[in-house]
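The values are calculated or read from the model by the stated rules, or taken from the named source; none is laboratory data. Computed from a predicted structure; not experimentally measured. Positions of Cβ are backbone-derived with ideal geometry, glycine not excepted, and every protein chain shown enters the neighbour counts.
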Amino acid sequence: MNSILKYTDILPTDLANLMPIEMACHSHPWSEKTFMSCIGGRYFGKKLSKKLQANDEFVGFYIGELVIDEATLMDICVLPNEQGKGFGKKLLMQFIAESKAKGAIKIHLEVRAKNIAAQMLYMNAGFIEVARRTGYYPSSKGFGYEDAIVMCSIID
């Protein structure tokens, strides 16, 4: 069955539909309050849905922040059962395009050191490691901490 993909702006009314994706994707997800604080103002984001017959099904989203001419990817999520199908790459490319359209010339992001799949996605999109934050993330195993890799890309 073919589906039509659609990007739409994230609005406060989307919180109830996006929080389950956030919860499914992260061992330490954002709270509703944190998520809500990243909608509007200097923050921007899109949700990705696919239309199946008469219904739209959300498959993922991203939240970015723009300060002057630098964007930061704050959060990017794809439903676990939709991962590995190219949706993460589509969301990342949309984020980069939106950042560029808003005037960004540089993009930053952080990724867990153990999240090799995400690191490869970012490297294939032109991001390079520029720093490491030791013990930045609580371990997904519930014990200890994990490093964050800080990555950056210059927008052409």
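All told, Gly103 meets the bar of being small (Gly, Ala, Ser), at positive phi and in contact (Cβ under 8 Å) with a residue 12 or more places away in the chain. Provide a single number: the residues in the range 99-117 that are surrounded by 16 or more Cβ atoms within 10 Å (Cβ to Cβ) and at pLDDT 95 or above. Adding up the residues that qualify gives 7. Applying a threshold of 9 Å to beta carbon distances and a minimum spacing of six or more residues, or different chains, the list of pairs starting in the range 118-136 at a residue that is in contact (Cβ under 8 Å) with a residue 24 or more places away in the chain and ending at one that is part of a strand (DSSP E or B) and among the aromatic types (Phe, Trp, Tyr) reads Tyr136/Tyr145.
In the range 129-142, the residue that is farthest from the chain's Cα centre (by Cα) out of those that are at pLDDT below 85 and either surrounded by 14 or more Cβ atoms within 10 Å (Cβ to Cβ) or small (Gly, Ala, Ser) (or both) is Gly142.
A quick yes/no check of all residues on (1) more than 14 Å from the chain's Cα centre (by Cα); (2) of a type in the set (Val, Ile, Thr):
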{"site": "Leu5", "(1), (2)": "yes, no"}
{"site": "Ile10", "(1), (2)": "no, yes"}
{"site": "Asp14", "(1), (2)": "yes, no"}
{"site": "Asn17", "(1), (2)": "yes, no"}
{"site": "Pro29", "(1), (2)": "no, no"}
{"site": "Phe35", "(1), (2)": "no, no"}
{"site": "Asp56", "(1), (2)": "yes, no"}
{"site": "Asp69", "(1), (2)": "yes, no"}
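Annotation note: Cβ proximity below 7 Å between a residue of the range 16-41 that is free of Cβ contacts under 8 Å to residues at least 60 places away in the same chain and a residue that is among the small types (Gly, Ala, Ser) and in a helix (DSSP H, G or I) (sequence gap 6+ or interchain) occurs for no pair.
The set of residues in the range 6-31 that are surrounded by 13 or more Cβ atoms within 10 Å (Cβ to Cβ) and in contact with a helix residue (DSSP H, G or I) (Cβ under 8 Å, 6 or more places away or on another chain) comprises Tyr7, Ile10, Leu15, Leu18, Met19, Glu22, Ala24, Cys25, Pro29, Trp30.
For every residue, the table says whether it meets (1) under 14 Å from the mean Cα position of the chain (by Cα); (2) farther than 21 Å from Ser140 by Cβ; (3) of a type outside the set (A, V, I, L, M, F, W, C).
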position: Gln83; (1), (2), (3): yes, no, yes
position: Gly88; (1), (2), (3): yes, no, yes
position: Ser99; (1), (2), (3): yes, yes, yes
position: Ala104; (1), (2), (3): no, yes, no
position: His108; (1), (2), (3): yes, yes, yes
position: Arg112; (1), (2), (3): yes, no, yes
position: Gln119; (1), (2), (3): yes, no, yes
position: Phe127; (1), (2), (3): no, yes, no
